[in-house]
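Colleague: Pasting a structure below so you can have a look.
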Amino acid sequence: MKSDINYTQLKTDFDLIRKQVKTDLGSTDANYIRRIIRIQRLAEIGGRVVLMLCFFNLWFLLPGMLMLAFAKILDNMEIGHNVMHGQYDWMNDPNINSRNFEWDIASDAGSWKRIHNHEHHTYTNIIGKDRDFGYGLLRMSDDLAWRPKNRWQFITYLNLSLLFEWGVAYHELAAERVFKGKKKSNRTSSLSDSELKRMFFSKAGRQIFKDYLFFPLLAGPMFFYILAANMGANLLRNLWTSTIIFCGHFTEGVETFSEEECEGESKGQWYYRQMLGSSNLTGPRWFHILTGHLSCQIEHHLFPDIPAHRYYDLAPKVAAIANKHGIPYNTGSFFKQYGAVLNRIWTYSWPDKKNNKDKSNQPI
Ligand SMILES: [Zn+2]
């Protein structure tokens with residue numbers, strides 16, 4: 001951690017932003033999320049109806065699949081991820097709160113909240129503590145020793161992107177070595193292996209039943225067409241979510257931290273780590289909504305429980321604070337940031353590449 005930063009002032013600056021938004025929360029935010037939920041429902045119902053029109057013409061499969069993919073993306077990104085962070089708990093709406101929201105994806109909501117909300121958002125980019133850094137599959141920094149399997153990590157990455165919902169669903173079970181591997185001596189999970197397995201199979205089973213059996217069966221002779229369209233919608237959603245999440249966490253300038261340097265960390269240092277552990281994407285408003293405002297990943301990491309649609313207006317204020325304290329603010333267009341992600345995956349596929357560390361520490 002850099003020593004020439006006034007972490008106390010940094011904390012004061014970010015706490016003030018947080019307080020201002022928190023006191024301003026109200027009907028605008030509630031109306032916003034309710035409107036997004038209405039649009040999501042319409043897109044999902046509409047998509048499933050349009051798919052059924054394939055009885056008349058097979059071309060209906062394409063718009064039906066795209067509408068369903070759009071509904072799933074909204075459900076997972078702008079609604080599910082944000083509601084499960086507790087961003088709308090203050091509304092006291094039984095259907096829009098982090099305690100009992102369940103989303104249209106293979107991963108069980110409880111598992112997501114344990115791994116993502118707690119682990120990833122607390123220990124962001126601390127090697128050895130944040131299991132989201134490379135997901136235990138990819139070497140994304142030279143803090144991790146190179147292993148021969150890293151040569152193929154570009155292919156691993158492509159597979160992970162296509163099957164992203166299953167990677168997310170299996171993440172906690174892999175980390176807890178539920179099916180294979182030696183149990184870690186410092187296991188912290190309060191759940192037994194059998195509970196984790198039961199929740200995994202129950203959620204995965206419901207998703208498979210809904211998308212690959214129930215709706216295809218409703219279509220009778222068109223069973224395989226509807227099955228393929230549902231599969232296509234899930235694949236599109238997987239590719240989109242994975243790409244956006246990689247752009248928020250693994251661009252060139254994103255830094256990593258060691259457990260030692262984060263020991264006894266102050267709140268100001270925590271804010272600093274969150275800023276350096278994330279990157280943003282620029283784009284039109286509709287693009288931000290489709291990313292669940294994870295295009296403002298820096299703001300999300302600083303304020304994970306503030307309604308995400310607020311990040312868009314917060315971003316210039318956060319950038320000004322970063323500038324004031326001499327902290328890099330990593331942002332760019334989708335193509336620039338995604339190019340940097342692909343470059344990072346490729347660079348760390350190989351051993352002893354000189355300047356890796358220097359490069360990853362350079363502000364963009
Ligand atoms: Zn999050």
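The values are calculated or read from the model by the stated rules, or taken from the named source; none is laboratory data. All values reported here derive from a predicted model rather than from experimental measurement. Note that each Cβ is placed from the backbone with ideal geometry, even for glycine, and that neighbours are counted across all protein chains shown.
Colleague: Answer yes if at least one residue in the range 309-316 is of a type outside the set (F, W, Y) and under 29 Å from G128 (Cβ atoms), and no otherwise.
Modeller: no
Colleague: With H85, H121 as the choices, which residue is assigned by TED's automatic domain parsing to the domain that holds T291, in contact (Cβ under 8 Å) with a residue 12 or more places away in the chain and within 15 Å of L294 (Cα to Cα)?
Modeller: None of the others qualify; the one that does is H121.
Colleague: Name the residue, out of R99, R114, R177, R206, that is within 16 Å of the ligand (Cβ to nearest atom) and of a type in the set (K, R).
Modeller: R114
Colleague: From the residues in the range 131-163 that are out of contact with any Asp or Glu (no Cβ under 8 Å at 6 or more places or on another chain) and within 16 Å of the ligand (Cβ to nearest atom), which one is farthest from V254 (Cα to Cα)?
Modeller: Y135
Colleague: For the range 248-261, state whether one or more residues are farther than 28 Å from F287 by Cβ, in a helix (DSSP H, G or I) and out of contact with any strand residue (DSSP E or B) (no Cβ under 8 Å at 6 or more places or on another chain).
Modeller: So far as the range 248-261 goes, yes, one or more of its residues are farther than 28 Å from F287 by Cβ, in a helix (DSSP H, G or I) and out of contact with any strand residue (DSSP E or B) (no Cβ under 8 Å at 6 or more places or on another chain).
Colleague: Something else now. Filter the range 120-130 down to the residues that are within 14 Å of the ligand (Cβ to nearest atom) and either in a loop (DSSP other than H, G, I, E, B) or crowded, with 19+ Cβ neighbours inside 10 Å (or both) and list them by number.
Modeller: H120, Y123, T124, N125, D130
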